[in-house]
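Inspection log for the structure reproduced underneath, given as structure tokens.
The values are calculated or read from the model by the stated rules, or taken from the named source; none is laboratory data. The shown structure was predicted, so the numbers you read here are calculated from the model rather than taken from an experiment. FYI the Cβ positions are ideal-geometry reconstructions off the backbone, even for glycines, and counts take in every protein chain you see. In case anyone asks, the SASA skips ligands and DNA or RNA and just uses the protein heavy atoms, side chains included. Shrake-Rupley method; radii C 1.70, N 1.55, O 1.52, S 1.80 Å.
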Amino acid sequence: MHNLNRILEKATLILRTGYALHKPTSIQVEPTNRCNLKCLHCARKTLDNNKGIGNLNKTTFSALLTQIPELECVALYGLGEPFTNSQFFDMVDELKSKGIYVHVTSNATIISESVAEKLISKRVDHLNVSLDGATKETYESIRIGANFNDVVKNVEQLAHIRKSRKSKIPRLSISMVLTKNNLGELVNLIRLGKKIDIDDIRIQDLNPIWGTKELEIENSGILSEKILEAVSLAKELNIRFSYIFAHYEMNSFKKMGVKKCTYLFLTYIFDFILRGKLKFKPLSNCLYPWHKPYVTWESYVTPCCMLPDKKTINFGNIHDKSFKKIWNGKQYRYFRKMCAIGKYPDVCKDCILKKELIRVHS
């Protein structure tokens, strides 16, 4: 069943049809939207007035998993701090009992020794820690309410316990959302990551879809310089470094490179085989409408983690209709069709994910 679903998923991603031939193999589920911080670049700044505060309960979570037996990976986090949900590790237990890969992102403010032990003993596969600064001053000016020294101590403690248990999981990464306030600390973040035994460091662009344009980096030349400097240091220190969601304009096949051209070629061939004609069309750069839906703590299904608010957009609630009906419902199919031809809905207007994506890594 899983192998067939993977084949159908690949076909859907190439064709970018409104109807998804597959069930998602990966989803993001929000355990809670409750958070103990007030970060400058967080979507909660603009969405708090639209959402109630609450936790996903284990019963609803189990019902969701039952409806998508094809799942292979679950990102168990959302707008809130996941460890504030008292049933979080019960959800992890169920996922692991089904052999599902578990990825968690946390601010690490409440990762105590006991939480660290559970992350290892319950075999959470990947823990990513949001660390938007390499110094106390910068970090605490961005992540309002957090204590830099405590967070670093918590992560270092987890890495130490993992090593003492001779365990390779959870894989530990730290991520930074690049802003004009922290760009200058990128290189020092890599040094800090090496010091506290982090496996990899992930950097991503600020997403203006959340109303945070005042934090954007205006000088692309300085940005490029800092990224190249970071890649060089990461190679020197033997630590993996990824810059994700970077974007630039591509105006010709020549600039696209072999992989992109091959992908486009396959798209056109599939069009010809299935439709009897060769139809050239713009290729959507965002895969989320076909690949990784987002489920809120209230059980609403949205297109992705960049649109986590039910009032901004949602395709239905799993309490009212099955996930199967939502996944290929009229609204979802129309949304995919518009994205596939580059006519993105207004809610996607400023999102970086619809621009050309590249990955720079060491």
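Quick notes
- Members of segment 18-41 that are within 18 Å of the chain's Cα centre (by Cα), farther than 20 Å from Tyr300 by Cα and assigned to a loop (DSSP other than H, G, I, E, B): His41
- Within segment 250-362, helices (runs of 4 or more DSSP H) holding 2 or more residues that are out of contact with any Lys or Arg (no Cβ under 9 Å at 6 or more places or on another chain), at pLDDT 55 or above and surrounded by fewer than 19 Cβ atoms within 10 Å (Cβ to Cβ): 330-340
- Top-ranked residue in segment 169-182 [being surrounded by 20 or more Cβ atoms within 10 Å (Cβ to Cβ) and among the aliphatic types (A, V, I, L, M); ranked as farthest from Val155 (Cα to Cα)]: Leu178
- Qualifying residue in segment 55-78 (condition: closer than 30 Å to Glu216 by Cβ, open to solvent by 10 Å² or more (accessible area, probe 1.4 Å) and of a type in the set (Gly, Ala, Ser)): yes
- Segment 140-156, residues that are closer than 19 Å to Lys118 by Cα and either open to solvent by less than 60 Å² (accessible area, probe 1.4 Å) or in contact with a Leu (Cβ under 7 Å, 6 or more places away or on another chain) (or both): Val151, Val152, Asn154, Val155
Let's see how each residue does on (1) in contact with a Pro (Cβ under 7 Å, 6 or more places away or on another chain); (2) touching a residue at least 40 places away in the same chain (Cβ under 8 Å); (3) open to solvent by less than 20 Å² (accessible area, probe 1.4 Å):
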{"position": "Ser97", "(1), (2), (3)": "no, no, no"}
{"position": "Thr109", "(1), (2), (3)": "no, yes, no"}
{"position": "Ser121", "(1), (2), (3)": "no, no, no"}
{"position": "Val124", "(1), (2), (3)": "yes, yes, yes"}
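- Single residue of Val187, Val231 found to be at pLDDT 85 or above, among the β-branched types (Val, Ile, Thr), closer than 18 Å to Ile142 by Cβ and surrounded by 14 or more Cβ atoms within 10 Å (Cβ to Cβ): Val187
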